[in-house]
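*Asks:* Below you'll find the structure I mean.
Here, each number is a calculation from the coordinates, and none is a lab measurement. Predicted, not measured: the structure shown is a model, and the values here were computed from it. As a convention, Cβ positions derive from the backbone with ideal geometry for all residues, glycine included, and neighbour counts pool all protein chains shown.
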Amino acid sequence: MNDEKTVVARAGWMQKMRLLTGCAWLLAAPAAWALDLSSTEEAGLVDAKTCQLETWMNHRLSGNEVWAVPVCGVNEYFELAVGAGWQRSEESGERKTGALAQAKFRLKEVKPDDWGASLVFGLQRNPGLDPGSRGGMDSYFILPLTHNFMGDRLSVTLDLGAYHDRQLSETRPRAVLGGTFQIDERWSISAETTAERHNRPNPLAMVHYWLIPERMQMDLAYSDVGSGGQGNRTLSVGVRVLFPELLP
């Protein structure tokens, strides 16, 4: 009996690994899709002792960019994310790497028909930067404020924070206003706009679909930065995989 349970367990893990590998191949494919996932950082945290893998792809005139970021809820008050990005130049074919590390602390839990808040600190290096450029990792902090309406079908988030660009030696205040509406168990839509000093507003619209409810979600997004022509229009795609009760 124990041997049969072991075989079933191994088969389950093999199926999960095949599914995850399939996602990786999907995102690594040289397709003409672009991805620039939502800039909105909601106040909610990943459930304690669980993890999720967030992956996305960007296609810009400067080159293709892919990110993979695992996020884990260490406990009910603390969430940690560490990931990496890769960019390939369209002109030279040169490959560059980036990195991201982010910590989120819960200040007030987000509940149905109520508001919540958290505090976020992060470090990030853009893959487009030259490895020999000045400064290394940029830093940022965010105060996300989220309010749920209609139970939790509609959520509205206001992010207030600042981004320090070490290459330019300047700190820019930043604000993001976004909202998400759950249409049914599988479909939801969201929209946002970002305001940052010296930059044009960046409106973005997204559609989310659960391929496997509460396990795997696909995101499609469209953004248009200012009036700079088609070079500023981005069509985006991403995949998010959830791993419940992964941590001890």
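*Asks:* Specify which residue in the list ALA195, LEU177, ILE212 is farthest towards the positive end of the charge dipole of the range 167-248, using unit charges on the beta carbon of Lys, Arg (+1) and Asp, Glu (-1), about the Cα centre.
*Replies:* ALA195
*Asks:* Also, I was wondering about something else. Can you list residues whose amide H is under 5 Å from ARG174's amide H, if they're 5+ apart or on another chain and H is modeled 1.01 Å from N?
*Replies:* GLY161, ALA162, TYR163
*Asks:* Let me ask something else about it. How high is the FRET efficiency from ALA103 to ARG200, r the C-beta distance, R0 25 Å, rounded to 0.05?
*Replies:* 0.25
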